[in-house]
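Worksheet: one structure, shown below.
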Amino acid sequence: MEMTAPAVPEVDPRHHHKVSGISDGIAFGFTKVLRFCADTFFARRYGHRAIVLETVAAVPGMVGATLTHLRCLRRMSDDEGWIRTLLEEAENERMHLMTFIHIAKPTLFERLVILGVQWVFYLAFFALYLVSARTAHRVVGYFEEEAVISYTHYLRDLDGGNSPNVPAPAIARHYWKLPEDALLRDVILVVRADEAHHRDVNHAFANQLGGLAAPERPVSPYPEHAVDIRQPV
């Protein structure tokens, strides 16, 4: 029986949370520094850029879930669903990484860069979350805004014939429930939708921690994922 791809949620790549206050300014400035470094180092090698950035992107969810878990234990309070959401975010970003490893084939140098960047970012984000969880979530929100933009550029590169639209890896077809004939473009579409969802969720978390009203704009819908992320043998 022929398998059809699930509908990919619409994504607004232009959506941006307006900077308001010192906390937002710090988060936005930090994100722009990371963006500059990525643009300088990787240029238009989007697959290799994704490998390093997805390694970093998988850190905040785990850090946030850990510290939220410990806070709830100390206060003997409910987490209001934050822990599960943040853990799922971390897992989702890790699946992005596992997907792009099959596509871009990182070099030894890039693997060493990943080791260094991951440790530095983990320690820095852990410290930031302890000092200001609101700023930490805003950083992730802005980070995901940039991710949505990067994947939009990647799509344009594929459509323009500047990058090969290779077959989707088996791990991606399983995780996003894509058909057997799915291509890289299909993968980029669902990855971008994932990032848009994380963008809106983290901005909403930052708003809640800052005592701000919830935005009228709804959270971007999440693509459908496999419940069991283990790839069938």
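Kindly evaluate THR55 against the criterion of being at pLDDT 95 or above and either over 30 Å from ASP186 (Cα atoms) or crowded, with 19+ Cβ neighbours inside 10 Å (or both).
For THR55, the condition - at pLDDT 95 or above and either over 30 Å from ASP186 (Cα atoms) or crowded, with 19+ Cβ neighbours inside 10 Å (or both) - is not met.
How do the helices (runs of 4 or more DSSP H) wholly within the stretch 120-233 filter down when requiring 2 or more residues that are of a type in the set (Ser, Thr, Tyr), within 18 Å of the chain's Cα centre (by Cα) and under 22 Å from LEU87 (Cβ atoms): which remain?
By residue number, 133-159.
Give the residue, chosen from LEU97, LEU67, that is at pLDDT 95 or above, aliphatic (A, V, I, L, M) and at negative phi.
LEU67
Being among the charged types (D, E, K, R) and under 24 Å from ARG134 (Cβ atoms) is the filter here; which residues of the stretch 63-112 pass it?
Listed by number, the residues that qualify are ARG71, ARG74, ARG75, ASP78, ASP79, GLU80, ARG84, GLU88, GLU89, GLU91, GLU93.
Suppose we keep only residues that are surrounded by fewer than 10 Cβ atoms within 10 Å (Cβ to Cβ) and among the acidic types (Asp, Glu) within the stretch 212-233. Which one would you say is modelled with the lowest pLDDT?
Only one residue fits best here, namely GLU216.
Has the stretch 20-34 got any residue that is modelled with pLDDT under 85, of a type in the set (Lys, Arg) and assigned to a helix (DSSP H, G or I)?
yes
Have a look at LEU130, LEU155 and point out the one that is closer than 17 Å to LEU189 by Cβ and touching a helix residue (DSSP H, G or I) at 6+ places or on another chain (Cβ under 8 Å).
Result of the check over LEU130, LEU155: LEU155.
The values are calculated or read from the model by the stated rules, or taken from the named source; none is laboratory data. These numbers were taken from a predicted model, which means no experiment stands behind them. Cβ coordinates were reconstructed from backbone atoms using ideal geometry, including for glycine residues, and neighbour counts include every protein chain displayed.
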